[in-house]
Amino acid sequence: MGSARSGMNKKHPIIEGVMKGRFSLLLFSFLLMFLVLPLIPAERGFLDKSIGIFGLVVLLSCLRSITENHRFFIFMVVFSLINVGIGSAEILSQTDTDAFKTLVLVVRLLYYLLIFGSIMGYVLDRSPVTGDKIAGSISAYVLMGVIWAGVYSLFFHLQPGSFVIPEYLQSGSVIGLWSFYFSFTTLTTLGYGDITPQLHAVQSYAVMEAACGQVFLTVLVARLVALQIIHSSR
């Protein structure tokens with residue numbers, strides 16, 4: 001009776017790996033962001049602050065996913081504190097200069113690129129496929145969409161005519177909801193067409209993102225399947 005009960009309480013190894021792994025917090029913060037942000041009232045000031053707060057939550061949750069390399073971890077902790085300081089200034093103050101917005105976007109993009117590289121280093125290594133590695137793969141894919149959203153926001157900030165954006169999608173936040181919407185519909189090759197890039201450079205980047213999204217999934221699935229076969233045969 002006791003053994004049967006313990007068997008029922010025992011979690012699937014993949015589920016347990018996701019819950020206890022280092023990518024669980026990052027994956028949960030992404031999920032929370034996508035579920036909660038659409039429910040927030042559309043008043044510009046409140047929505048913009050909410051976007052900024054969720055950006056800080058995602059930023060801090062990235063720390064847990066960093067590789068075990070001690071020096072890199074210390075560097076990223078310091079970089080995170082810089083990001084938190086800049087992000088808090090964006091949320092709490094009325095600082096609205098072009099130079100400040102550019103600084104926020106560039107620093108945030110560099111941070112996410114470093115996190116993405118760290119996650120991919122773990123996901124593509126030769127270790128066995130676990131729930132944590134699957135969670136890391138999903139996090140890397142979502143983070144790729146977030147990075148491209150930052151790129152589009154930077155383009156739009158430096159040259160406002162680079163996109164045609166419906167007024168109801170615009171916001172005052174440095175990285176607005178419109179950029180997430182456009183980025184993820186492009187990454188998944190869905191593309192509704194209500195936001196259209198106007199510059200050749202932006203159009204090229206949009207094509208690049210769509211191609212990267214498909215190549216990423218193809219290569220990642222092939223890699224994970226190959227690793228599973230290799231470790232299962234041992």
**Report entry** Criterion violated by LEU143 - all others in (1) in contact with an Asp or Glu (Cβ under 9 Å, 6 or more places away or on another chain); (2) hydrophobic (A, V, I, L, M, F, W, C); (3) closer than 17 Å to ILE51 by Cβ satisfied
**Finding:** (1)
Query raised in the report: Which pairs have Cβ atoms under 9 Å, sit 6 or more apart or on different chains, and link a residue in the range 136-150 that is in contact (Cβ under 8 Å) with a residue 12 or more places away in the chain and under 18 Å from GLY191 (Cα atoms) to one that is outside any helix (DSSP H, G or I) and of a type in the set (S, T, N, Q)?
Result: GLY145/THR188
Query raised in the report: List pairs: first in the range 23-45 and over 16 Å from LEU169 (Cβ atoms) and part of a helix (DSSP H, G or I), second at pLDDT below 80 and of a type in the set (Phe, Trp, Tyr), Cβ under 7 Å, 6+ apart or cross-chain?
Result: MET33/PHE54
Query raised in the report: Of the residues VAL84, VAL106, which single one is within 15 Å of ILE53 (Cα to Cα), β-branched (Val, Ile, Thr), surrounded by 11 or more Cβ atoms within 10 Å (Cβ to Cβ) and under 19 Å from the mean Cα position of the chain (by Cα)?
Result: VAL84
Requested in this report: Report yes if VAL18 is at pLDDT below 70, at negative phi and either in contact with a Gly (Cβ under 7 Å, 6 or more places away or on another chain) or in a helix (DSSP H, G or I) (or both), otherwise no.
Outcome: yes
**Report entry** Criterion (farther than 20 Å from GLY52 by Cα and of a type in the set (Ser, Thr, Tyr)) met by exactly one of SER162, SER153
**Finding:** SER162
Query raised in the report: Which ones in the range 188-210 are over 19 Å from TYR168 (Cα atoms) and among the charged types (D, E, K, R)?
Result: GLU209
Query raised in the report: From the set of residues in the range 164-186 that are crowded, with 22+ Cβ neighbours inside 10 Å and not small (Gly, Ala, Ser), which is modelled with the lowest pLDDT?
Result: VAL174
Report summary line: The residue that is farthest from SER162 (Cα to Cα), considering only those in the range 187-234 that are charged (D, E, K, R) and assigned to a helix (DSSP H, G or I), is ARG223
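This table checks each residue for (1) over 18 Å from LEU25 (Cα atoms); (2) in a helix (DSSP H, G or I); (3) in contact (Cβ under 8 Å) with a residue 60 or more places away in the chain.
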site	(1), (2), (3)
VAL77	no, yes, no
SER80	no, yes, no
GLY85	yes, yes, no
GLU90	yes, yes, yes
LYS101	yes, yes, yes
LEU110	yes, yes, no
PHE116	no, yes, no
ILE119	no, yes, yes
ASP125	yes, no, no
Requested in this report: Look at THR196 and say whether it is within 25 Å of GLY136 (Cα to Cα) and of a type in the set (Ser, Thr, Tyr).
Outcome: no
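Rundown of residues vs (1) within 22 Å of THR196 (Cβ to Cβ); (2) loosely packed, with under 15 Cβ neighbours inside 10 Å; (3) not charged (D, E, K, R), yes/no style:
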| site | (1), (2), (3) |
| --- | --- |
| TYR112 | no, no, yes |
| PHE116 | no, no, yes |
| ASP125 | no, yes, no |
| VAL129 | no, no, yes |
| ASP132 | no, no, no |
| GLY161 | yes, yes, yes |
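The values are calculated or read from the model by the stated rules, or taken from the named source; none is laboratory data. On a predicted model such as this, the values are computed, not experimentally measured, just so you know. Counting neighbours? That spans all protein chains shown, and the Cβs are built from the backbone with ideal geometry, glycine included.
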